[in-house]
Amino acid sequence: MEKEILAEIDKAVRRANFSLRRDVFVLIEKAYKLEKNKKAKLALSWIIENVKIAKKKNLAICQDTGFPLGFITGGKKVKVDSALIENIKKSIELSYKRNYLRASIVSPFFRGKPGYKGVTVYLDFNPKIRGLEVVVFPKGFGSENKTKLKMFNPTISFKEIEDFIITAIREAGPQACPPFIVGVGIGGDSSYALYLAKKALVERIDKPNRDKFLASLEKRLLRRINSLNIGPMGLGGKTTALAVKIKTHPTHIAGLPVGVNISCWALRSARVKINNVKS
């Protein structure tokens, strides 16, 4: 079982770091075709070339191979215990090391020599799936550092929420390597809102939200973000963001948490399924 997990996780780590997700790449190509600003168009062409070379030569898409995250989802009749979780974390660590991906994890206070230990995983369950699904998500920290959270009063207007999200993108600016993919989590408590924002980023970004209200909100936010004229790598143009994705959850009557988690253009994740994990 341990060998199967390591093999599947290794596939995910390699795919996430060496091959940009198809849905992301399609939107980058679309942005390139529509862009009129010469500098912005050139920046997008560099991104496209970079992605193609990385895939062809099995090289990391970005030198920042991120803080490795894992989203674990258990389905029907799956036994999940501490040993399985530790096995998955260890497999991600080993895969990073064996594929010569940059060690970037340090002690929060004493820093020291970077290593691979410290992989963070999130556990959830979905009775609609079978087996165990693991999403490996290398989160680059140029964009992670621009994360925002605000605990709103529940009586605020939708416009105030939108303005908060737009301000977060404006403040991120070129330092977070646009064009962005913007994850937004609304509801739960403070930590869960930020979890939802991250979870939104690992789902397909080229499809509209199934919820019509959220789809309309995503579309409106994307339009406002792209009017900021930050553009690819801060060079102006039409595309400051490729997509906005929103996930929501019920919250307390006295509050309204809103979390914003940005990904740079190199939104990297890969999903694998591990079978034979039965109760």
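Here are the numbers:
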read-out: Cα-based reach from residue 39 at 23 Å (exclusive), listing lysines while leaving out same-chain residues under 8 positions away; value: 30, 52, 238
read-out: The stretch 141-263: translational diffusion in µm²/s, Stokes-Einstein, Kirkwood Rh over Cα pairs, 4 °C, 1.567 mPa s; value: 91
read-out: Label zone at residue 171, where the point sits 7 Å out along the Cα-to-Cβ direction: the stretch 134-157 residues whose backbone N lies under 18 Å; value: 141-153
read-out: Normalised convex hull volume, the stretch 223-279, alpha-carbon set, Å³ per residue; value: 144
read-out: The chain: relative contact order in percent, alpha carbon pairs under 8 Å with at least 6 residues between; value: 29
read-out: Amide H partners (placed H, <5 Å) of residue 129, local residues excluded; value: 76
read-out: Using θ = phi - 60° and Karplus 6.51 cos²θ - 1.76 cosθ + 1.60, couplings along the stretch 41-57 (whole Hz; Gly, Pro as x); value: 5, 5, 4, 5, 5, 5, 4, 4, 5, 4, 4, 5, 5, 4, 5, 5, 9
read-out: Cleavage-rule hits (trypsin sites (Lys or Arg not before Pro)) in the stretch 187-279: DSSP loop, at most 13 neighbouring Cβ within 10 angstrom; value: 204, 210, 278
read-out: Under-14-angstrom lysine pairs by C-alpha in the stretch 58-168, whenever the two are 8 or more apart or on separate chains; value: 6
read-out: Given 16 as the ceiling on other Cβ atoms within 10 Å, longest exposed-site-free region of the chain for chymotrypsin sites (Phe, Trp or Tyr not before Pro) in DSSP loops; value: 111-279
read-out: Shape of the chain, Cα gyration tensor, a/c cut at 1.5; value: oblate
read-out: No Cys partner within the rule (Cβ under 4.7 Å), the chain; value: 62
read-out: Karplus (6.51, -1.76, 1.60) ³J(HN,Hα), θ = phi - 60°, over the stretch 168-174, in Hz, Gly and Pro reported as x; value: 4, 6, 4, 6, 5, x, x
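Every read-out reported here was derived from the displayed coordinates using simple, explicitly stated rules and does not represent laboratory data. All figures in this text were calculated on a predicted structure; none of them were measured in a lab. With ideal geometry, Cβ positions are generated from the backbone for all residues, glycine too; neighbour counts draw on all protein chains shown.
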